[in-house]
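Contents: one structure, followed by commentary.
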Amino acid sequence: MQASTSLSAENIVRNAIIGFTVSFVALSLGAALGILSGRGAFSGMFSAGIIAFFTALLGGTRVQCSGPTAPMSAVSALVVAYAASHLDATASTDQFINLVFLLNGLVLLLMALLRLGRFIAYVPNVVVSGFMSGIALLIWQDQLNMLTGSGNKAPLHGGWLANSAVALTTLVLIFVLAPLMRRLVGHRARFLPSTLLAILFVSLGCGLLNLPIEHVQLSGNLQSLSDLTQRLAQQWPRDWSFGTLSQALPFSLQLALLCYLDTLLTSLVVDKMSGETTHQNQELMAQGVANSACALIGGIPGAQATIRSVLMLKENANLRLAGILTGVFVLVEMLLFQEWINAIPKAVFVGVLLKVGYDVFDFMPLRLYLKQLASKRGRQWRDFFSRHDDLQIFVTNREALMISGTAVATLVLDLNMAVAGFTLLFYLHNKAFNRHNPMRDLAPEKETAAFYTQD
């Protein structure tokens, strides 16, 4: 780390300020990902605070920020959709979803107990790249369905044209405001994240124009300790029968596998930036505790989050306190600003999630592959590809097929089949069918897998 890790008053205050800054990013993304999951903005924000607090306190990475992530929320949406279509009563539906998320946390705790963290090294980069891109495709598909009312999704009130305009404006502003703020205020732009600014500007504009479109409605608002106690009592799963467990366990294993990959690959990014080494099994344990806690309050599961963790490191956070206070500030802010949050149009979060999908999609292999094709034809794509020239890696036809195959399988089948199937195919190809000409795994060093992890 660049800064001293002393517990001086100055260092404590600086880490507290960093936690406060990152909390706004966590709150914004928590709301968006809560909507993506199907459980609502309130559940996403509540989970953002709970997960950040527990993982920073207990985790194997000293400086990080965990919370709801796009891949975890996309798979959570499948759980919510399954429960809605296969269960009748609302109470039993919510409790089944919570049971899935609780079992996910317990599976992560079992992974930590069995010390399975080291096996992250055996997942091929081509598979990681493919499933991240597949998750991005799922996110884009879900948001387009929400705008158009297709795919068994109820369309947003106010018409698809108005909502699409709001979503597109939000998306453009997120891209435009980031470089603009860096130019205007320099390094202090990190204290004004473009996602938060875009949400504020577009929501204000919609309010001034009085657009008749659907807004966020925070359900499950907590006003007192008795509200929290009542919520906890309602969320505890009561049906632990064999039939219910057999329905819930496949989803729980799928989420646990995704959290395992999402968390430990992100930890590679954090370790590379911080110069430290994550205690992988301790990190899995912390994620298990956090996700179990979220299940018991009707929240959504999460994992270690790249964008929020990297933001902390770029601000030179060096104490667990930064992540702990991020969680505390998120919980305080969501209680203080409930009326403001209800003024945000839902289409704004569609724009945010379209940008999240862009961040998740692994464009690097696609750019490199197109660059190779272009170079064979003698073309110059200097501006578009120059930022990757220093990596000195290339993508073969076989690797491109593995990546695209994993992405398509993630989109049309499910994550478990995609990751397990194509990982097995990778090793069968190299060890059984083609020993003398094995498939190279995108990068010469496993450490480069960090490049492929997005929030």
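The values are calculated or read from the model by the stated rules, or taken from the named source; none is laboratory data. Note that the coordinates shown come from a computational prediction; the quantities given were computed from them, not determined experimentally. A quick note on method: Cβ atoms are made from the backbone with ideal geometry, for glycine too, and the neighbour counts reach across all protein chains shown.
Quick one: how many residues across region 391-439 are surrounded by fewer than 16 Cβ atoms within 10 Å (Cβ to Cβ) and either within 25 Å of Arg367 (Cα to Cα) or modelled with pLDDT of 75 or more (or both)?
Residues that pass the stated criteria total 18.
Looking only at region 145-154, which residues are assigned to a loop (DSSP other than H, G, I, E, B) and within 23 Å of the chain's Cα centre (by Cα)?
Of everything in region 145-154, those that are assigned to a loop (DSSP other than H, G, I, E, B) and within 23 Å of the chain's Cα centre (by Cα) turn out to be Gly151, Lys153.
Inside region 221-259, can you point out the residues that are modelled with pLDDT of 80 or more and of a type in the set (Lys, Arg)?
Arg238
Restricting to region 274-300, count the residues that are closer than 19 Å to Ile120 by Cα and either among the polar types (S, T, N, Q) or in a helix (DSSP H, G or I) (or both).
The total comes to 11.
Select, from Arg39, Arg14, the only residue that is among the basic types (Lys, Arg), in the same structural domain as Met132 (by TED's automatic domain parsing) and either over 27 Å from Ala322 (Cα atoms) or at pLDDT 90 or above (or both).
The conditions single out Arg39.
Do you know which residues across region 229-239 are touching a residue at least 60 places away in the same chain (Cβ under 8 Å) and either more than 19 Å from Asn291 (Cα to Cα) or of a type in the set (A, V, I, L, M, F, W, C) (or both)? Show your work before the answer.
Applying the first criterion (touching a residue at least 60 places away in the same chain (Cβ under 8 Å)) to region 229-239 yields 231-232, 234-239.
Once the filter is applied, which keeps residues that are touching a residue at least 60 places away in the same chain (Cβ under 8 Å) and either more than 19 Å from Asn291 (Cα to Cα) or of a type in the set (A, V, I, L, M, F, W, C) (or both), region 229-239 yields Leu232, Trp236, Asp239.
Please find, among Lys371, Lys376, the residue that is over 27 Å from Phe54 (Cα atoms), outside the structural domain of Glu214 (by TED's automatic domain parsing), buried (at least 18 other Cβ atoms within 10 Å of the Cβ) and modelled with pLDDT under 85.
So the residue among Lys371, Lys376 that is over 27 Å from Phe54 (Cα atoms), outside the structural domain of Glu214 (by TED's automatic domain parsing), buried (at least 18 other Cβ atoms within 10 Å of the Cβ) and modelled with pLDDT under 85 is Lys371.
Yes or no, residue by residue, for (1) of a type in the set (S, T, N, Q); (2) modelled with pLDDT under 90; (3) more than 30 Å from Gly421 (Cα to Cα); (4) assigned by TED's automatic domain parsing to the domain that holds Leu313:
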{"residue": "Gly105", "(1), (2), (3), (4)": "no, no, no, yes"}
{"residue": "Arg182", "(1), (2), (3), (4)": "no, yes, yes, yes"}
{"residue": "Ile199", "(1), (2), (3), (4)": "no, yes, yes, yes"}
{"residue": "Leu209", "(1), (2), (3), (4)": "no, no, yes, yes"}
{"residue": "Gln217", "(1), (2), (3), (4)": "yes, yes, yes, yes"}
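Matching residues to (1) over 20 Å from the mean Cα position of the chain (by Cα); (2) closer than 19 Å to Gln141 by Cβ; (3) surrounded by fewer than 24 Cβ atoms within 10 Å (Cβ to Cβ):
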residue	(1), (2), (3)
Ala9	yes, no, yes
Gly19	no, no, no
Ser23	no, no, no
Leu27	no, no, no
Gly44	no, no, no
Ala52	no, no, no
Gln64	no, no, no
Ala81	no, yes, yes
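Going by the conditions given, is Ile344 within 17 Å of Ser43 (Cα to Cα) and either among the aliphatic types (A, V, I, L, M) or at pLDDT 85 or above (or both)?
yes
Hey, any hits in region 312-334 for a residue that's out of contact with any helix residue (DSSP H, G or I) (no Cβ under 8 Å at 6 or more places or on another chain), surrounded by fewer than 24 Cβ atoms within 10 Å (Cβ to Cβ) and among the aromatic types (Phe, Trp, Tyr)?
Scanning region 312-334 turns up no residue that is out of contact with any helix residue (DSSP H, G or I) (no Cβ under 8 Å at 6 or more places or on another chain), surrounded by fewer than 24 Cβ atoms within 10 Å (Cβ to Cβ) and among the aromatic types (Phe, Trp, Tyr).
Looking at (1) closer than 18 Å to Ala74 by Cα; (2) in contact (Cβ under 8 Å) with a residue 24 or more places away in the chain; (3) not in a helix (DSSP H, G or I), find the lone condition where His157 falls short.
Evaluating His157 over (1) closer than 18 Å to Ala74 by Cα; (2) in contact (Cβ under 8 Å) with a residue 24 or more places away in the chain; (3) not in a helix (DSSP H, G or I) leaves (1) as the failure.
Name the one entry in Phe101, Phe96, Phe53, Phe46 that is farther than 21 Å from Leu331 by Cβ, at pLDDT 90 or above and in a helix (DSSP H, G or I).
Phe96
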